[in-house]
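So the structure is just underneath, and the comments pick up after that.
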Amino acid sequence: MSSIPFDKGNELPSEHYLNATYGIRSWLLTTDHKRIALLYLASVTFFFFIGGAFATMIRIHLLTPNGYLVTPETYNKLFTMHGVAMIFFFLIPSIPAVLGNFLIPLMIGAKDLAFPKINLLSWYIYLVGGAFVLYSFSTGGLDTGWTFYTPLSSVYSNSAVTPAVIGIFINGFSSILTGLNFIVTIHTMRAPGMTWFRLPLFVWAHYATSIIFVLGTPVIAITLLLAGLERMFHLGFFNPVLGGDPILFQHLFWFYSHPAVYIMILPAMGVVSEIIPTFARKPIFGYTFIAGSSIAIAVIGFFVWAHHMFLTGESAYAALTFSLLSYLVAIPSAVKVFNWTSTLYKGSISYDTPMLYALGFIGLFLIGGLTGLFLACLGLDIHIHDTYFVVAHFHYIMVGGAVMGYVGGLHFWWPKITGKLYPEMMARVAAVTLFVGFNLTFFPQFILGYLGMPRRYHSYPPEFQVLNVMSTAGASILALGYLLPMIYLIWSMRYGRVAGRNPWPATGLEWQTDSPPLTENFDVTPEVTWEPYDYYNRPDLGLEIKGGPQLTPAHGDD
Amino acid sequence: MFAPRSAAVPNKERIRTVQSQLPLYPEQASNFAPNVDALMVYITAVCVFFALAITAAIVLFFFLYHRKKPDDIGAVIHGDSRLEALWLVIPAVLALTMFAGGAVVYVDFRRAPLDTLDIYVVGKQWMWKSQQPNGLKEINELHVPVGRNVKLIMASEDVIHNFSVPAFRTKMDVVPGHYNTMWFRPTKTGRYHFFCSQYCGTNHAIMGGWVTVMEPSDYAAWLSGSSGENANPVVAGEKLFADKACNTCHLPDGKGRGPSLNGFYGAKVLLADGSTVAADDAYIHESLLAPNAKIVAGYQPQVMPSFQGQLTEEQILSLTAYIKSLQSQPVPPTGAGIAPTGKK
């Protein structure tokens, strides 16, 4: 059955942001948030494939206990560069800089972000930071682990640490400026009638993310710079031989890098909060609780960092405090899952690809989030800390959660971004492939971890081999799941069916304008007279409303 | 010991062989193992319940409310405050039980009993050295008696390492510039893997070895059988104390340029700034490498040189053992700097 209810034989609008101007200059000097989003799309995809290539080599290497492919030095570089490329140059910018950049002005009825030129500057800063890191990768590589723990990174490593930390330092300013841009835009550029509690939850999630960008990123930037200074000029910040303290580095590093996990997952939660009401065709359950939990996660997320350090010898009182706070941050996450699930109740649910990704996200985020409860448990963390249990846990959050959200979001808004529809059947196959491949890759790693296999091992005792082979087999399926969308999405840009303004249909403002939109986004500034995700009072969507339109209160709960 | 794979092997044995190839948890060989595994079982049970409940709800709703006609919409339901309150409170209560269970085990793990057998462990890229109380040294091996509380006092020569024994369910970072301790009571004889769990550079993956848990009598025999070839740390420390000319200033009567070290270890020491510090391994370590950090009251700063880079961690451990051995000698009456009431 066709899941697209109204195939009206749409035509592309005659003028839109993609054909408004031509030539390489019109792209490299653009200040249009939609074009900048596409520039980011190309660059983060590039880093995703670099990181993915490293991951592939890691999994092939671990097929045999003694290592199948590379030397220990190379293996250590592979997992380090995999982490750095994926975290700093793919996961952190992916949803905010691509989907957030494209959608926030459209969703709030604005012509662009508040500072269009700064938005372009963010992308160039990202490129310069990325160039430094690629320089590090290609001249000696990087073998410190993405965590850059001192004094290994600042004294003992023989790899190209200095250009890498400079690159990440520079890249930090890209995040800070993007966050600033989003905050100012959301505060000042909402269309008439777009009140705070009519904002799409995607925008709320990005508001929360931006707070972390602005408050957290300066800390990682300065921390890595200090490690670089210690390495270059032997200034004693973290090296005990020079009077420093290596534990200080971990405090500073995790003060950003734990909230950074929420930078990755909050926008994905925002995507899911858009997809689920659209394909269940009903208002989201507990709007204020989902919006509020995003802010709660961003705020509490700043007070849990030392749960990465339970076994550094930190004070037992500190460990108790941080364990308790870590359990607190689980609660707003649980609230979101319960609300998404309840949204399905009495919905009109379809199997469209974005919905498959959203449901897959819930499943994988559920496992990722619940296994966080194991790690927050002080007594249990003694055993599973720094094992494959942790590796599996954060991949469930970052790949199962954030990447599923990102790919699902790309599918959901692809018709808006390109004006074209992707082949639906193929996309469903890819979504299921990703889900199955992901679980087969990472679930065995939970067991490996509990059995005691430490992370970052280029060789391992033979008793761990069976589970490692399962994991590698899963990774090959997972890789296929990523290549498929890559191929058919590019194919659809040229050959896909024309989507029309609102193919699903969805209720957000971004669906009220052309696909692809005009450079100025809207012909006239829209005025918002409806509540979010309200299908009942929206005769303009052309759906069958039983009993005719009538006004209902915005949220039953407030 | 291992049954040959032949038709004579009973079915039960075969099943056990299959299970041992795909185990779900490592052997339980210390006092912590049953407690940690109990936490694992409890949290797994709660999580599996919630995961199944939510998955079941999603699957159920998916089939019950599957879109019947292409232009159908769903019911208008905006939320329910009672439900929200319920699923705020229930997870919070369950989370608190997990926190409490974990806290009990962790506090036990961090607070070593007083009657421990103390073994020094030094991590360096990429090997582990350990030293038994009688001075016997081992590399990438650790022998301990079953049923005895064992405390590892751990230092690092270079980067951060982590001493991890999955069968004991214990691990602890080994941090340069810090002493970290870790205790356990082996409950089962046998040989168990230990690993370095904190990434430490090129050969991180092979920086491991075996813990051998022995019957106390076997352990005693093993200790006496091989102790001759190794210097007692107290003797080595005494020699260092003279070689490095420590004894020229740290006179036993406290009248030298440095405080007396008789009865020093374990005492509460009054410092020049009026505060007190416990003279433990960490304080001795710091005073050797950064002598001006905490000056004992009544003595001048900038007198003692730093031994940073001149002493290995193992030598520092020997010196500490020697200073510890001075415990039995009487505190001189004029023992300047040692707070009179704080003795042990």
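This table checks each residue for (1) within 24 Å of the chain's Cα centre (by Cα); (2) among the aliphatic types (A, V, I, L, M); (3) within 18 Å of A:Met232 (Cβ to Cβ); (4) within 14 Å of another protein chain (Cβ to nearest Cβ).
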residue	(1), (2), (3), (4)
A:Ile118	yes, yes, no, no
A:Ser122	yes, no, no, no
A:Val133	yes, yes, yes, no
A:Ser136	no, no, yes, no
A:Thr139	no, no, yes, no
A:Phe148	yes, no, yes, yes
A:Val155	no, yes, yes, yes
A:Ala160	no, yes, yes, no
A:Val165	yes, yes, yes, no
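Mind checking whether some residue in the range A:318-340 is at the interface with chain B (Cβ under 10 Å from one of its Cβ atoms), at pLDDT 95 or above, within 30 Å of B:Ser156 (Cα to Cα) and out of contact with any His (no Cβ under 9 Å at 6 or more places or on another chain)? Taking every residue of the range A:318-340 in turn, at least one turns out to be at the interface with chain B (Cβ under 10 Å from one of its Cβ atoms), at pLDDT 95 or above, within 30 Å of B:Ser156 (Cα to Cα) and out of contact with any His (no Cβ under 9 Å at 6 or more places or on another chain). Within the range B:320-334, no residue that is among the aromatic types (Phe, Trp, Tyr) sits with its Cβ atom under 8 Å from a residue that is surrounded by 12 or more Cβ atoms within 10 Å (Cβ to Cβ) and modelled with pLDDT under 55 at 6+ positions apart or across chains. Any residue in the range A:1-12 that is surrounded by fewer than 16 Cβ atoms within 10 Å (Cβ to Cβ) and part of a helix (DSSP H, G or I)? No, the range A:1-12 contains no residue that is surrounded by fewer than 16 Cβ atoms within 10 Å (Cβ to Cβ) and part of a helix (DSSP H, G or I).
The one condition from (1) crowded, with 24+ Cβ neighbours inside 10 Å; (2) assigned to a helix (DSSP H, G or I) that A:Ala296 does not meet is (1).
Might you let me know whether the range A:393-411 holds any residue that is over 19 Å from the mean Cα position of the chain (by Cα) and crowded, with 24+ Cβ neighbours inside 10 Å? Walk me through how you get there before you give the answer.
Filtering the range A:393-411 for residues over 19 Å from the mean Cα position of the chain (by Cα) gives none.
Checking the range A:393-411: not a single residue is over 19 Å from the mean Cα position of the chain (by Cα) and crowded, with 24+ Cβ neighbours inside 10 Å.
Checking B:Leu39, B:Leu52, B:Leu24, B:Leu64 one by one, the residue that is within 9 Å of chain A (Cβ to nearest Cβ), surrounded by fewer than 11 Cβ atoms within 10 Å (Cβ to Cβ) and of a type in the set (A, V, I, L, M) is B:Leu24 and no other.
Scan the range B:160-167 and give yes if some residue there is among the hydrophobic types (A, V, I, L, M, F, W, C) and either assigned to a helix (DSSP H, G or I) or surrounded by fewer than 20 Cβ atoms within 10 Å (Cβ to Cβ) (or both), otherwise no. Scanning the range B:160-167, I find at least one residue that is among the hydrophobic types (A, V, I, L, M, F, W, C) and either assigned to a helix (DSSP H, G or I) or surrounded by fewer than 20 Cβ atoms within 10 Å (Cβ to Cβ) (or both), so the answer is yes.
Restricting attention to the range B:170-182, the residues that are in a strand (DSSP E or B) and either in contact with a Gly (Cβ under 8 Å, 6 or more places away or on another chain) or surrounded by fewer than 23 Cβ atoms within 10 Å (Cβ to Cβ) (or both) total 5.
Here A:Met57 meets each of (1) touching a strand residue (DSSP E or B) at 6+ places or on another chain (Cβ under 7 Å); (2) surrounded by fewer than 21 Cβ atoms within 10 Å (Cβ to Cβ) with one exception, condition (1). Scanning the range B:102-120 for residues that are surrounded by 17 or more Cβ atoms within 10 Å (Cβ to Cβ) and either facing another protein chain (nearest Cβ under 7 Å) or of a type in the set (Val, Ile, Thr) (or both) yields B:Gly102, B:Ala103, B:Val105, B:Tyr106, B:Phe109, B:Arg110, B:Thr116, B:Ile119.
Among the residues here, A:Phe361 does not qualify as touching a His at 6+ places or on another chain (Cβ under 7 Å), touching a residue at least 40 places away in the same chain (Cβ under 8 Å) and either crowded, with 22+ Cβ neighbours inside 10 Å or of a type outside the set (Val, Ile, Thr) (or both). Among the numbered criteria (1) closer than 19 Å to A:Ile487 by Cα; (2) over 18 Å from the mean Cα position of the chain (by Cα); (3) surrounded by 24 or more Cβ atoms within 10 Å (Cβ to Cβ), which one does A:Ile384 miss? Among (1) closer than 19 Å to A:Ile487 by Cα; (2) over 18 Å from the mean Cα position of the chain (by Cα); (3) surrounded by 24 or more Cβ atoms within 10 Å (Cβ to Cβ), A:Ile384 violates only (1).
Quick grid of which residues meet (1) buried (at least 20 other Cβ atoms within 10 Å of the Cβ); (2) touching a residue at least 40 places away in the same chain (Cβ under 8 Å); (3) in the same structural domain as B:Asn180 (by TED's automatic domain parsing):
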position: B:Gly256; (1), (2), (3): no, no, no
position: B:Leu261; (1), (2), (3): yes, yes, no
position: B:Lys268; (1), (2), (3): no, yes, no
position: B:Thr276; (1), (2), (3): no, yes, no
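Here A:Val84 clears all of (1) farther than 18 Å from A:Ser138 by Cα; (2) at pLDDT 95 or above except the condition numbered (1).
Within the range A:274-293, being at negative phi and either within 9 Å of another protein chain (Cβ to nearest Cβ) or assigned to a loop (DSSP other than H, G, I, E, B) (or both) holds for A:Pro277, A:Phe279, A:Ala280, A:Lys282, A:Pro283, A:Ile284, A:Phe285, A:Tyr287, A:Thr288, A:Phe289. In the range B:37-55, the residues that are assigned by TED's automatic domain parsing to the domain that holds B:Ala100 form Cβ pairs under 9 Å with partners that are surrounded by fewer than 17 Cβ atoms within 10 Å (Cβ to Cβ) and part of a helix (DSSP H, G or I), at six or more places apart or across chains, as follows: B:Tyr42/B:Thr97; B:Val46/B:Thr97. Listed here are the strands (runs of 3 or more DSSP E) enclosed by the range B:183-300 that have at least 3 residues being more than 14 Å from chain A (Cβ to nearest Cβ) and either farther than 30 Å from B:His143 by Cβ or touching a Gly at 6+ places or on another chain (Cβ under 8 Å) (or both): B:268-270, B:276-278. Just so you know, in the range A:395-413 the residues that are of a type in the set (Phe, Trp, Tyr) and touching a Ser or Thr at 6+ places or on another chain (Cβ under 9 Å) include one that is nearest to the other protein chains (Cβ to nearest Cβ), and it is A:Tyr396. Take the conditions free of Cβ contacts under 8 Å to residues at least 24 places away in the same chain, surrounded by 16 or more Cβ atoms within 10 Å (Cβ to Cβ), at the interface with chain A (Cβ under 7 Å from one of its Cβ atoms) and more than 30 Å from A:Tyr536 (Cβ to Cβ) and apply them to B:Phe99. Does it pass? Criteria met by B:Phe99.
The values are calculated or read from the model by the stated rules, or taken from the named source; none is laboratory data. If you're wondering where the values come from, they're calculated on a predicted model, not measured in any experiment. Backbone-built Cβ (ideal geometry, glycine too); neighbour counts: all protein chains shown.
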